[in-house]
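> Below: one structure in structure tokens.
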Amino acid sequence: MSVAYAETDSAAITETETTSCPTRPKVLTNRWQENWDVLKQDCVPRKRGDQFKYIPFGHNNYLSLGANLRERIEINDRAKLGSGNTPKDGYLIQRLQIHADARIGEHLQVFTQLIDSRAFDKKNITPTDQNRFDVEQAFIAWVSPLHNGTFKFRVGRQEMAFDLQRFISNREGPNVRQPFDGIWSAYEFGDWRVLGYLTRPVQIDKDGYFNDFSNSNLSFSGFRVDKQNILGGELSGYYSRYQRDHGVFPNAAGHESRDLYDVRHLGKKNNIDWDIEAMLQYGDIGSKSISAWAGSSIAGYTFSDHVLKPRIALQLDAASGDRNPEDGELNTFNQLFANGSYFTLAGYTGYSNLIHVKPSITIKPTDQLTLMGALGLQWRETTRDAVYFQGNNSMNNTAGHGSKWTGSYIQLRADQKFNDNLSLAAEMVHFNVSDSIQKMGGDDSQYVGLELKYGW
């Protein structure tokens, strides 16, 4: 199974020693998970700049510096499926991250990461496109043995992501990632892991410097339990409380409070892999109660004996919409902190009032090159509610109108890894909207993206 299926909120990773000499750490999405103290051993191969990856100080302490640069060119002729008079757009988005990681003794870590995200020549710049020089992460972490397990703790500004990042993500797809201000703690023992989190999601100010903020207007907290080796994989479940002021949906508005119940199973047996997740949401918004749900599954089969290692997969997603605007209950699923690229990088639609079917095939002509092609089919769960985009934003004039059929899309993607530090990706999406969406102001849409990533 692809590494993208792995848990992304785990604590610092220690490189596994396959010989008497440890291997170099790989550049990870979460840079704070890298341990560069292996460079204190002379047998580890050296690369240019390693003098800044391991800077010892004091006794058994070191500082590691690093950076990420991502450049992406995007051409999108009709964002939001052409609704709202959205113009054809072509632009460059750039993300620069620099970090300093201090390891003090065997247990203490102080991590700071700054970000500068810019959107050049983009006609409509949002907080997910741009975040001028600001603090992306700044936390203190502690990892130590406790009884028969390991205790882990983080406090400060940090990123948090669960599973495939359908609902809780670090938002790697868009230009600006999603940090959280708060406390994260876990205890791992045997096949079990129990963790809790008390956070206020950071809200991005796209125009200023060092002015991102969090406050009581938006909070997200809860606990989670994971168990390995159940039915051939991992079973996990979590409860969270999501609260925000000024929640807005087509059929409800006001203070929003949701209790979230999520369960997921991830597994692999022989050539078959699967990832199944479901979430229930209950609570209230304004004067209305909330009752919403979502479910998703991805299953694949890899022909491991074939030279191209083809993997065929089927993705199924569904999320509730509001079935009766007059009944005092809101059924629209809240997308929470969605990835933004779970369906495609184009981000034409979001995870609300949705039925989505996506067969795909992936091949690997070389160990460094991956090619993927997919066909997406999409409906509304109910025509009483709107078509939704990312961030719980709805398409005007669609609630209560038109057919369930939303449209279909073709997605083609190529990922080329040149070495441990440099990679290139290209993606194309063509979305054919339904006749009823066209009558309500939408249109067929095309997206092309070319991305270069470098990590040091």
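> Give the residue, chosen from G295, G300, G283, that is within 21 Å of A161 (Cα to Cα) and in contact (Cβ under 8 Å) with a residue 12 or more places away in the chain.
Selected residue: G295, the only one of G295, G300, G283 that is within 21 Å of A161 (Cα to Cα) and in contact (Cβ under 8 Å) with a residue 12 or more places away in the chain.
A quick yes/no check of all residues on (1) open to solvent by 30 Å² or more (accessible area, probe 1.4 Å); (2) farther than 20 Å from R103 by Cβ; (3) outside any helix (DSSP H, G or I):
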| residue | (1), (2), (3) |
| --- | --- |
| N35 | no, no, yes |
| V44 | no, no, yes |
| R48 | yes, yes, yes |
| Q51 | yes, no, no |
| H59 | yes, no, yes |
| L63 | yes, no, yes |
| N68 | no, no, yes |
| R72 | no, yes, yes |
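> Tell me which of these N251 doesn't satisfy, since it passes every other one: (1) under 28 Å from R118 (Cα atoms); (2) surrounded by 14 or more Cβ atoms within 10 Å (Cβ to Cβ).
Among (1) under 28 Å from R118 (Cα atoms); (2) surrounded by 14 or more Cβ atoms within 10 Å (Cβ to Cβ), the lone unmet condition for N251 is (1).
> Is segment 174-195 home to any residue that is surrounded by fewer than 17 Cβ atoms within 10 Å (Cβ to Cβ), touching an Asp or Glu at 6+ places or on another chain (Cβ under 9 Å) and in a strand (DSSP E or B)?
Yes: one or more hits.
> Here's something else I'd like to know. S287 - would you say it is farther than 30 Å from K364 by Cβ and under 26 Å from the mean Cα position of the chain (by Cα)?
Here the answer is no, as S287 does not meet what is asked.
> Could you tell me which residue of segment 373-397 is nearest to the chain's Cα centre (by Cα), considering only residues that are of a type outside the set (D, E, K, R), at pLDDT 90 or above and within 15 Å of D322 (Cβ to Cβ)?
So the residue we want is Y388.
> Could you list, in sequence order, all residues of segment 267-284 that are more than 24 Å from the chain's Cα centre (by Cα) and surrounded by 14 or more Cβ atoms within 10 Å (Cβ to Cβ)?
G283, D284
Per-residue answers, yes or no, for (1) modelled with pLDDT of 95 or more; (2) under 22 Å from D275 (Cβ atoms):
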| site | (1), (2) |
| --- | --- |
| A138 | yes, no |
| F153 | yes, no |
| A161 | no, yes |
| G182 | yes, no |
| Y187 | yes, no |
| K206 | no, no |
| D212 | no, no |
| S216 | no, no |
| Y242 | yes, no |
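> Before we move on, is I312 assigned to a strand (DSSP E or B) and touching a residue at least 24 places away in the same chain (Cβ under 8 Å)?
So I312 fits the description; yes.
> For segment 203-229, give me each residue that is charged (D, E, K, R), assigned to a loop (DSSP other than H, G, I, E, B) and over 15 Å from Q137 (Cα atoms).
D205, K206, D207
> If you don't mind, there's one more thing I want to ask. Which residue out of V387, V357 is hydrophobic (A, V, I, L, M, F, W, C) and open to solvent by less than 20 Å² (accessible area, probe 1.4 Å)?
Matching residue, one of V387, V357: V387.
> Continuing with the same structure: Here are some residues: T406, T398, T362. Which one is in contact (Cβ under 8 Å) with a residue 24 or more places away in the chain, of a type in the set (S, T, Y), open to solvent by less than 40 Å² (accessible area, probe 1.4 Å) and outside any strand (DSSP E or B)?
Going through T406, T398, T362 in turn, just one is in contact (Cβ under 8 Å) with a residue 24 or more places away in the chain, of a type in the set (S, T, Y), open to solvent by less than 40 Å² (accessible area, probe 1.4 Å) and outside any strand (DSSP E or B): T398.
> Can you pull out every residue in segment 156-173 that is over 26 Å from H265 (Cα atoms) and either among the small types (G, A, S) or in a loop (DSSP other than H, G, I, E, B) (or both)?
Result: G156, single match.
The values are calculated or read from the model by the stated rules, or taken from the named source; none is laboratory data. Small disclaimer: the values here were computed from a predicted structure and weren't measured. Quick reminder, even Gly has a Cβ in these numbers, built from the backbone with ideal geometry, and neighbours come from all protein chains shown. To get the accessible areas, we keep the full protein, side chains included, count just its heavy atoms, and leave off ligands, DNA and RNA. Shrake-Rupley method; radii C 1.70, N 1.55, O 1.52, S 1.80 Å.
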